[in-house]
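First up is the structure itself, then whatever we jot down about it.
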Amino acid sequence: MVLDQYSKFVKAAFDDFILPTKKYADVIIPRGGDNHVAIDLIVQHIRTKLGQHDLCKIYPNLYVIQSTFQIRGMHTLIRDGHTTKHDFVFYADRLIRLVVEHGLGHLPFTEKQVLTPTGSVYSGVDFCKRLCGVSVIRSGESMENALRACCKGIKIGKILIHREGDNGQQLIYEKLPLDIAERHVLLLDPILGTGNSAVQAISLLLKKGVPESNILFLNLISAPQGVHVVCKRFPRIKIVTSEIEIGLNDDFRVIPGMGEFGDRYFGTDDD
Ligand SMILES: O=P(O)(O)OC[C@H]1O[C@H](OP(=O)(O)OP(=O)(O)O)[C@H](O)[C@@H]1O
């Protein structure tokens, strides 16, 4: 029942977009009992969605992939702390594949005509050829398979950045294709938190001669703080993400987030 009202509420809030959400929630679902928790969750969700909408308006190079119930379902599973490693990897991989495919859609293309078996001409496009991936070790490596599955034989470079809290970022290791400056670069890291790791990684790519507009940063979740930091500093890079988060906690971890992505994906957590 509450969910039904919630759907109507979400639709109305988005249709009108000007409704003061909390007040509206109070009117639709009277407070009291379990509804109190439901309202808070709804308000939190709407705030995130409205914030996401605002961020995309502020930064035209930020792309949040269109949400569907399948995508919400995948997020629900990978964010659930009780999800098994096997399921976490399976659903993270599904989401990553979607983000990668979406990201590739932002690459330039050339027009191409082909002759179909019926003898007709099909006016299509040719894929952008000069590409490479760069994964931020370690979590970014989880995105390499999806990129390889979409781009046959793609070169993939690596960057290792040591992270401590909200600062202390330090570049430890890098191995990049020698001709990276002539390529479009798909930067891979599932989490954008404070943005400090991304700033380090992007700065290195720029130092190697990659034009800012040739960088596409692909991630699963982005905290608004990280989006502000990256988009303000590098206004020409594109960010493709699947969800915008509420923010960061006192430890500079993304919330609601999904915990330590690398540990959960590679099975190095304690469980
Ligand atoms: O935006 P930031 O605040 O810099 O945080 C994001 C970084 O944190 C995570 O890596 P983590 O340091 O947890 O290492 P891991 O990939 O080895 O798990 C993530 O994969 C990013 O690289």
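A Cβ distance below 7 Å, combined with a sequence gap of six or more or placement on separate chains, defines the contacts here; from segment 85-109, residues that are more than 22 Å from LEU131 (Cβ to Cβ) reach residues that are at pLDDT below 95 and part of a loop (DSSP other than H, G, I, E, B) in the pairs LYS85/GLY267.
Scan segment 129-147 for residues that are over 18 Å from the mean Cα position of the chain (by Cα) and surrounded by fewer than 16 Cβ atoms within 10 Å (Cβ to Cβ) and the total you get is 2. Within segment 172-219, if we keep just the residues that are within 20 Å of VAL64 (Cα to Cα) and among the charged types (D, E, K, R), the residue that is surrounded by the fewest Cβ atoms within 10 Å (Cβ to Cβ) turns out to be GLU212. Residues of segment 170-194 being more than 14 Å from LYS238 (Cα to Cα) and within 15 Å of the ligand (Cβ to nearest atom), which ones? Across segment 170-194, the qualifying residues are GLN170, LEU171, ILE172, TYR173, GLU174, PRO190, ILE191, GLY193, THR194. Among the conditions (1) at pLDDT 95 or above; (2) in contact with a Gly (Cβ under 8 Å, 6 or more places away or on another chain); (3) over 20 Å from LYS207 (Cβ atoms), the only one that ARG138 does not satisfy is (1). Of all the residues that make up segment 109-139, how many are outside any loop (DSSP other than H, G, I, E, B) and within 16 Å of the ligand (Cβ to nearest atom)? Of the residues in segment 109-139, 6 are outside any loop (DSSP other than H, G, I, E, B) and within 16 Å of the ligand (Cβ to nearest atom).
State all residues of segment 57-96 that are assigned to a helix (DSSP H, G or I) and small (Gly, Ala, Ser); if no residue qualifies, say none. Please lay out each step first, then the result.
Initially, segment 57-96 is screened for residues assigned to a helix (DSSP H, G or I), giving 57-58, 69-79, 85-96.
Correct list: GLY73, ALA92.
So, in segment 59-84, exactly how many residues are surrounded by fewer than 12 Cβ atoms within 10 Å (Cβ to Cβ) and touching a residue at least 40 places away in the same chain (Cβ under 8 Å)? The number of residues fulfilling the criteria is 1. Just one of (1) more than 10 Å from the ligand (Cβ to nearest atom); (2) touching a residue at least 60 places away in the same chain (Cβ under 8 Å); (3) closer than 20 Å to VAL134 by Cβ; (4) crowded, with 17+ Cβ neighbours inside 10 Å fails for MET258. It is (3). Beta carbons closer than 7 Å, at least 6 apart along the sequence or on distinct chains, pair a first residue in segment 136-150 that is farther than 12 Å from LEU186 by Cβ with a second that is crowded, with 22+ Cβ neighbours inside 10 Å and of a type outside the set (A, V, I, L, M) for SER139/ASP189; SER139/PRO190; SER139/PHE261; SER139/TYR265; GLU141/SER135; SER142/PRO190; SER142/TYR265.
Within segment 124-151, can you find the residues that are of a type in the set (S, T, N, Q) and closer than 19 Å to ILE180 by Cα?
Going through segment 124-151, the residues of a type in the set (S, T, N, Q) turn out to be 135, 139, 142, 145.
The answer is SER135, and nothing else.
Does ILE237 satisfy being within 15 Å of the ligand (Cβ to nearest atom), within 14 Å of ARG79 (Cβ to Cβ), buried (at least 23 other Cβ atoms within 10 Å of the Cβ) and in contact (Cβ under 8 Å) with a residue 24 or more places away in the chain?
Details: within 15 Å of the ligand (Cβ to nearest atom): yes; within 14 Å of ARG79 (Cβ to Cβ): no; buried (at least 23 other Cβ atoms within 10 Å of the Cβ): yes; in contact (Cβ under 8 Å) with a residue 24 or more places away in the chain: yes.
Answer is no for this residue.
Residue count for segment 195-217 under the criterion of being within 16 Å of the ligand (Cβ to nearest atom) and polar (S, T, N, Q): the result is 4.
The values are calculated or read from the model by the stated rules, or taken from the named source; none is laboratory data. Just so it is clear, the structure is predicted and the values come from calculations on it, not from any experiment. Neighbour counts run over all protein chains shown; Cβ positions are idealised from the backbone, glycine included.
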